[in-house]
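Read-outs throughout are calculated quantities, based only on the coordinates presented, and are distinct from any laboratory measurement. Nothing here was measured: the structure is a model prediction, and the numbers come from that model. Every residue, glycine as well, gets a Cβ built from its backbone with ideal geometry; the counts of neighbours run over all protein chains shown.
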Amino acid sequence: MNAGQGGGHPQDPESSRVAAAGRCLRVLLTERREYRRRWLAYTRRRRGDEVSYSGVSQVVALHLWENGLRSDTDRELPRKLRDRVRQALRGEQLTHETITWLTESFDFSPEDVTEVWDAFSGRSAVDLGGNGVAFTLREQPVPLIRPQRHRTTALFTRYYVAADRALRRIETSHVLVAAEDGFEVFAYSPRDTVIGVASVVGGTFTGFSPSSPGYVGMEFQLDRRLSKGEHASLHYTTLHRLAPDPCVHVRRAARKRMENVDMRVIFDAVVPRTAWWCVWDDYSGTEPIRRIRTAISPAGELHQFFPYLEQAVVGFQWEW
């Protein structure tokens, strides 16, 4: 699909990217039968083949209500969204949040989501140049140990590598928002090197459970039961068994979209000679599909922040 002129000035790179992404969204919503059928169900009057801003707004509003992102008592939400949708699809004004709302509301395929983000960023979704990373997985993710009933709006992870070059502990902080009423148990499946939990703030570690080979299920009971749209924070520290070989990489995987992701590796006494920031195409792959050299700070740390992570695996790799 060639992104043409959708708004703004071609000489302005940012305006050009917004215009390209807006046109990409507009074409997908009109040409993909499964997307068009959704907004047509809420469209009273159409002008030829043009997309209906009010129809699209209604679909987005339903998504926001159902996922607890907006109060379902706000019945004026579709009308409030109409200008935002119109500006987005005309390539006049477009944000990360608007793209996320549109692609999730219409259940865009991974290929279509990647096309929109590529147009918006002006580069590949796996460029790693400080952008989010999305839809790089070539294999199915590790199965969930229980249905996911939340969204992650912030994630901070600190990996501590000891003087013997072993990964000894990981400190993780989540900001979670309930996607439905009654969310009270957070669960995930890290690698099976985890041997225990040292501390928890915002909940209680309730134990391990079976997961896929090479992984272990972990569950945390939150301090309070959340209604849809309510937020909670959870901080915990996992302890890891000593591996036979020195640690040479750390990785973070995401199934559904995580926002505001911050990863830091802290080395005690001994630091690597060379390090890279990487993306992998499966949970257990040894060779990254993309990597870029990254600097180790004077304090002996690796650090990367990125706005989102979805259906991808990222992390650091290094050589001692």
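With Rh defined as the Kirkwood radius, the inverse of the mean 1/r over Cα pairs, the Rg/Rh of segment 180-275 is 1.00. Return one number: the angle in degrees, 0 to 90 and rounded to the nearest 10, between the long axis of the Cα atoms of helix 77-89 and the longest principal axis of the Cα atoms of the chain. Taking the Cα atoms of the chain, the angle to 77-89 is about 90 degrees.
Rounded to the nearest 20, the size of the Cβ-charge dipole of segment 163-320 about its Cα centre is 280 debye, with Lys and Arg at +1 and Asp and Glu at -1.
If the segment from SER212 to ASP83 were pulled out straight at 0.36 nm per residue, it would be longer than the present Cα-Cα gap by 41.9 nm. Were the residues from ALA295 through LYS256 laid out at 0.36 nm apart, the gain over their Cα-Cα distance would be 11.1 nm. Mean separation of Cα pairs under 8 Å and 6 or more residues apart, divided by the residue count, gives the chain a relative contact order of 17 percent. In units of the compact-protein estimate 2.2 N^0.38 Å, the chain shows a Cα radius of gyration of 1.09. Please give the helix 53-66 orientation as an angle from the longest Cα principal axis of the chain, in degrees from 0 to 90, rounded to the nearest 10. Here the helix axis deviates by roughly 30 degrees. For TYR215, the residues 5 or more places off, or on other chains, whose built amide H falls under 5 Å of its own are ASP192. Taking Lys and Arg as +1 and Asp and Glu as -1, the other residues whose beta-carbon sits under 12 Å from that of GLY196 total +3. Counted residue by residue at 0.36 nm each, then reduced by the alpha carbon distance between them, the extension gain from ARG33 to ALA243 reaches 70.5 nm.
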